[in-house]
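A quick write-up on the structure given underneath.
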Amino acid sequence: MPTPTKPMAVKLLVRAVAWLALAASAVPALAQDPQAAPAASAAPAADATAPPADAATPAPAGASIVGTPQGTEATSPAAEPAPGEPPADTRALDETVQDLKKDVVDLNKELFVLEEELLFPANTQVAVFVSMDIGEFFALDSLTLKIDNKEVANYLYTPREAEALLKGGVHRVYLGNLKVGEHQLVAFFEGKGPNERDYKRGANLKFEKGVGAKYLELKITDRQRKGQPEFSIKDWE
Amino acid sequence: MLAFAAAAAEKYALVGKPAPDLVARGLDGENVRVSEHRGEIVVVSFWSGRCNTCREQLAALDRIAKTYASAGLTVIGVNLDDDIVRAEKFARTSDVQFPLLISAPANTGRDYAVDRVPMLVVVDRSGVLRAAHREFRARDEATYVRELRAFLNE
């Protein structure tokens, strides 16, 4: 039974990342101690806990830290007056910190992929996506998803999300595990139909889950001839 | 007393953690999602149609929202009643400009550890829950302003 050990592996990896993040935040703290240089602490401060958005941006600055305004801002007040502190050391330390942060971000990415692979292995994985084309006759408000008569997802779409779908975005509304065999997917779409009327429609599909991952797409399209929206489920082989 | 202590502990347990996502339908029929306001300071006020203090708190938050909206403050009111009709009636008679959400998912109260109303939480620009206040007294408005100004200045 390999399944119980997988979450453990994930936990261990999370810990490893946390340690690395801790190390990244500890280095600037060490830098502060000897000469209490406020500028040096201002540059790498704090962001070890928010790696994806924040740490991603300083990484390229760290890679070319000498010429960048970000790097000079952080180091020049401490470097130019030079009250007994070598600027080269600070720069090297800064680079190390930035490299560490980049490593944390990269590790986080890898961990995310690994986590998905462990929690949703390809042989049982089922993913359901939603896409929308044109959308002249239907404004999506909510979606309820049932697999084998069990409700697995219920999603309310905000106007922004619906707009993103109209612009070509695809939303993964469900990711789960299913046994090999035949299953039934039922999707209920709610929203505003033609002439701003409340509109509720369903679509269903019987599909065969094989040994590989299964991807299903809920498609909302406009049927121009009838002036009505059309709801269908596509099975990606 | 023990229950109060437990509730206080619960409140602090959420502070400093990422705010649970929350989506519900507004009075105008549009859905509002808290996580869509990342980058803004978001005040989420939980209210009930049976609670008069909630009305006072919502009015206070409306005044604050009008002043600080341009600085990046968003206020969202979330109803936790089972009785949607009562909630709608309450919301329609409340003269506030920010969205009042009704029919929130059943797990909302649990996710945010709401054990009484009114209760409000403050979510910072990075989506972390930074403060929580239970109940409301007139003098709390000044406290909210002071606290929110600090968050807005971060």
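General observations
- Scanning the stretch A:138-188 for residues that are within 17 Å of A:Gly202 (Cβ to Cβ), at pLDDT 90 or above, in contact with a Lys or Arg (Cβ under 8 Å, 6 or more places away or on another chain) and away from chain B (no Cβ under 14 Å) returns A:Val152, A:His183, A:Gln184, A:Leu185, A:Val186, A:Ala187, A:Phe188.
- Listed by first and then second residue, the pairs linking a residue in the stretch B:103-123 that is closer than 25 Å to A:Tyr155 by Cα and part of a strand (DSSP E or B) to a residue that is open to solvent by 30 Å² or more (accessible area, probe 1.4 Å) and among the charged types (D, E, K, R), with Cβ atoms under 8 Å apart and 6 or more places separating them unless they lie on different chains, are B:Val122/B:Arg130; B:Val122/B:Glu147; B:Val123/B:Arg130.
- On the stretch given as the stretch A:146-191, residues that are over 25 Å from the mean Cα position of the chain (by Cα), surrounded by fewer than 17 Cβ atoms within 10 Å (Cβ to Cβ) and among the small types (Gly, Ala, Ser) total 1.
- Condition check for A:Lys209: among the basic types (Lys, Arg) and over 30 Å from A:Asn123 (Cα atoms): no
- B:Gly49 being outside any helix (DSSP H, G or I), farther than 24 Å from B:Ala138 by Cα and among the small types (Gly, Ala, Ser): no
- Flag: B:Ala59 does not match the condition of being under 28 Å from B:Arg139 (Cβ atoms), more than 14 Å from every other protein chain (Cβ to nearest Cβ) and either touching an Asp or Glu at 6+ places or on another chain (Cβ under 7 Å) or assigned to a loop (DSSP other than H, G, I, E, B) (or both).
- The stretch B:119-135, residues that are open to solvent by less than 20 Å² (accessible area, probe 1.4 Å) and in contact with a Leu (Cβ under 8 Å, 6 or more places away or on another chain): B:Leu120, B:Val121, B:Val122, B:Val123, B:Leu129, B:Ala132
- Leading residue by the ranking (nearest to the other protein chains (Cβ to nearest Cβ)) among those in the stretch B:46-55 that are open to solvent by 10 Å² or more (accessible area, probe 1.4 Å) and within 13 Å of the chain's Cα centre (by Cα): B:Ser48
- Residue within the stretch B:33-45 that is open to solvent by 20 Å² or more (accessible area, probe 1.4 Å) and of a type in the set (A, V, I, L, M) present: no
- The C-beta contact set for the stretch A:207-230 (first residue farther than 11 Å from A:Phe138 by Cβ and at pLDDT 85 or above, second residue of a type in the set (Asp, Glu) and assigned to a loop (DSSP other than H, G, I, E, B), distance under 9 angstrom, 6+ apart or interchain) comprises A:Tyr215/A:Glu237; A:Lys219/A:Asp133.
- The combined condition, being within 22 Å of B:Arg25 (Cβ to Cβ) and either open to solvent by less than 40 Å² (accessible area, probe 1.4 Å) or in a loop (DSSP other than H, G, I, E, B) (or both), is not fulfilled by B:Val85.
- Test: residue in the stretch A:107-125 that is within 14 Å of chain B (Cβ to nearest Cβ), among the charged types (D, E, K, R) and open to solvent by less than 70 Å² (accessible area, probe 1.4 Å): no
- Residue, most open to solvent (accessible area, probe 1.4 Å), within the stretch B:91-117, restricted to residues that are basic (Lys, Arg) and within 15 Å of B:Gly49 (Cα to Cα): B:Arg92
- Pair list, Cβ < 7 Å and 6+ apart or interchain, from the stretch B:72-91 residues that are more than 15 Å from B:Ala59 (Cα to Cα) to residues that are buried (at least 23 other Cβ atoms within 10 Å of the Cβ) and among the polar types (S, T, N, Q): B:Ala87/B:Asn79
- Complete set of residues in the stretch B:27-41 that are more than 10 Å from chain A (Cβ to nearest Cβ) and in a strand (DSSP E or B): B:Ile41
- Residue within the stretch A:207-220 that is open to solvent by 50 Å² or more (accessible area, probe 1.4 Å), among the aromatic types (Phe, Trp, Tyr) and more than 14 Å from chain B (Cβ to nearest Cβ) present: yes
The values are calculated or read from the model by the stated rules, or taken from the named source; none is laboratory data. Everything numeric here is computed off the predicted structure, so don't read it as measured data. With ideal geometry, Cβ positions are generated from the backbone for all residues, glycine too; neighbour counts draw on all protein chains shown. Just the protein is used for accessible areas: all its heavy atoms, side chains included, with ligands, DNA and RNA removed. Shrake-Rupley method; radii C 1.70, N 1.55, O 1.52, S 1.80 Å.
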